[in-house]
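First up is the structure itself, then whatever we jot down about it.
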Amino acid sequence: MAMRWRSSWHLFRFRCNGMVSRATLDPVSSGTRILSTMGFDDNSDVGYDCLPGFGDKAMYSTLSDHCRSSRSSMIAKVNVARQIESRPLSARSMGTMVREEVEGDGEVLLLRYLEKLKNYEKEGVPKGAGEDSDSGFDLERMKRLLSRLGNPLSAYPVVHVAGTKGKGSTVSFISSVLRAAGLRVGTYTSPHVTSIRERITAGKNEGPISANSLKKLMNDLQATIDEAIAEESGLLTHFEVLTALAFTHFAREKVDVAVVETGLGGARDATNVISAEELAVAVIVGIGYEHLAALGGTLESIALAKSGIIKENRQVIVGPQKYSQVYDVLEKVAAAKSAPLISVSRSLINCKTGILFTRSGHPFQLCDLAIQNPPGVGFGASNKVWKLGNVKLRVLGAHQQDNAITAVYSLLALRHQGWEIPDSAIRMGLEATTIPGRFQVVESDSSKALGCLSARLILDGAHTEDSAIALAKTLREGFPDASLAFVVAMASDKDEHSFARILLTKAKPDVVVTTRVPVAGSYNRCRTAQELAECWSQTAQGLNLPYHFETSKQKLLQGFSSVGSSEHQQSGAKTSSTEEASKEDGNSLLVSSVEPINAAISKAAAALENRHSESNKQLIVCVAGSLHAVAATLTLIQENRNQH
């Protein structure tokens with residue numbers, strides 16, 4: 001019987017851009033009015049489950065027509081196994097379901113609210129936005145917003161952390177130790193990995209803010225924030241409002257201290273509304289070449305922007321730096337503000353082992369920490385040596401050891417100010433720290449569910465030249481004899497050529513499979529899988545590395561597996577099928593492009609396993625290039641767990 005289209009609403013669960021969300025659709029508007037925050041755009045991969053009974057063929061036809069008109073790829077599988085009833089919901093009954101199942105979720109409420117605000121994480125940051133100049137972000141509007149909310153920063157001291165790489169990890173180390181010391185700690189970080197709630201934690205536990213707490217926060221503050229948005233002519237941003245919510249939540253939770261990570265730069269970052277009186281200590285970790293346009297175009301201008309968190313007469317801890325000119329800039333700013341500065345040496349931590357595994361399969365490294373002249377009167381006037389031996393760090397790599405020792409220096413500076421932070425809490429906090437997406441070794445069952453049958457799966461959000469160096473070093477020190485495959489997705493504002501060059505020369509992979517994932521819910525800032533594959537092939541050619549270049553655009557049906565067609569190109573490269581390429585020459589790099597990311601992971605593992613089918617070599621598949629790629633993989637892992 002033909003489906004009669006009526007002006008009624010229908011609740012669906014959608015898969016869009018690798019994410020899962022509920023959505024409400026009006027069939028009269030051709031299925032294109034999507035009210036949930038899913039990042040649907042002209043290049044989305046879409047699938048859906050019809051929760052209340054509905055004419056699946058009619059909805060598929062409607063969405064398929066829309067996707068064809070917008071150049072999207074439509075996934076044809078429609079799963080109606082969870083069909084609830086055989087008729088469309090009326091507007092009234094749909095409204096009840098949406099209020100109970102969707103609007104009852106504080107995270108959904110927040111995302112819907114923030115969606116109407118300018119989101120530079122999604123759109124990219126304007127030129128000069130992070131500089132302390134007329135083109136920089138306006139901190140005064142952030143101060144006015146906080147004033148409307150009762151100046152929450154006056155309720156607690158703040159540890160403020162800036163830098164290019166490692167600031168999130170350093171925040172995690174500091175927060176974990178302070179919690180181990182019995183303090184109520186507020187932590188604010190960005191970006192998140194799988195849920196925006198991860199950015200805000202408060203209390204003695206490290207879990208993210210609950211959906212209920214987020215809902216209450218939104219209900220209580222939305223009217224005030226609405227007034228502020230109107231007063232600022234709609235210029236308040238996604239990040240500014242979220243930051244204000246976090247600071248207010250910390251005050252409500254009566255935290256003893258907040259540990260806050262900057263979003264971009266420092267001087268004009270929305271978090272940099274902390275006064276000298278409110279600042280306990282400023283921490284600046286490694287600074288490198290990232291966000292060049294937004295931060296002035298030079299390493300010195302980037303360092304100057306980061307130095308904006310230094311306040312008059314307040315202590316500043318500077319972590320190990322790769323570039324000497326960074327120290328010059330930071331020392332001048334600190335001297336001008338009479339801020340005592342300590343430079344941390346990476347020689348103060350000695351890692352005694354490679355990567356070891358507990359009986360339950362969790363990786364760790366044993367390290368000794370030693371600090372000559374720890375923070376004290378005059379910063380170094382004493383001749384003491386502070387030591388902590390056999391620390392079992394679960395966050396791996398030499399760069400994380402830099403972050404750990406920087407955190408310890410910061411904690412000792414707080415202890416000198418009178419904070420009760422015993423050595424036992426420092427050990428406990430360091431050893432308890434885990435950070436999703438930073439050289440995260442995935443457990444065996446979850447790896448197998450993604451197609452890594454005999455390969456170990458590792459997730460790392462590295463996306464810069466410096467972080468690629470750190471990743472390669474950790475891989476080769478931890479698994480020196482392993483055969484390696486990378487699965488890579490990157491944003492379009494990153495230097496993919498330098499990233500590829502570092503990993504090809506220092507990690508020496510056998511296989512690279514490029515893919516694409518949404519950035520902040522959109523493909524607007526993404527390199528395509530094809531573009532990345534061409535980049536890696538060109539880089540390999542420039543390095544005179546033998547390689548096979550196979551491009552494969554796969555469209556997977558929801559719930560099915562399908563094999564995409566392959567096209568082989570690139571002058572000077574040998575080309576063949578994946579199986580032939582894998583076995584034909586064990587010394588050649590295989591480069592391929594596959595979407596979506598679950599197919600890319602499975603492809604990389606299969607290529608490695610095929611190449612080494614007759615050996616006992618350890619196999620590693622590493623997802624890298626973007627925290628968004630890590631997030632997409634973790635979402636797949638969680639979905640597999642939920643299904644089982």
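Each value in this text was obtained by applying a stated rule to the coordinates, not by laboratory testing. Note that the structure is predicted; figures quoted are calculated from it, not measured. Methodologically, a virtual Cβ is constructed for each residue, glycine included, from the backbone with ideal geometry; neighbour enumeration extends over all protein chains shown.
Normalising by the residue count of the stretch 380-536, find the relative contact order in percent from Cα pairs under 8 Å and 6+ residues apart.
RCO, the stretch 380-536: 18 percent.
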Tally Lys/Arg at +1 and Asp/Glu at -1 over every other residue whose Cβ is under 13 Å from the Cβ of L221; what's the total?
+1
If neighbour count is taken as other Cβ atoms inside 10 Å, put R346, R641 in order from fewest to most.
R641, R346
Return the subset of K473/K508; K122/K494; K311/K384 for which the Cα-Cα distance in this structure is over 21 Å, preserving the input order.
K311/K384
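For C452, C622, what's the fewest-to-most ordering of other Cβ within 10 Å of each Cβ?
C452, C622
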Do any of K216/K306; K165/K392; K165/K332 go past 25 Å between their Cα atoms, and which?
K216/K306
Using the count of nearby Cβ atoms within 10 Å as a rough guide to exposure, how do I421, I310 rank from fewest to most?
I421, I310
Return the distance in nm (one decimal) between the two label points of a simple spin-label model at Y327 and D134, each offset 7 Å from Cα along Cα→Cβ.
3.7 nm
Please give me the summed charge of the neighbours of D368: other residues whose Cβ is under 11 Å from its Cβ, Lys and Arg +1, Asp and Glu -1.
+2
Which far-off residues, 5 or more places away or on another chain, put their amide H under 5 Å from the one on L590, with H placed in the peptide plane?
V511, V512, H548
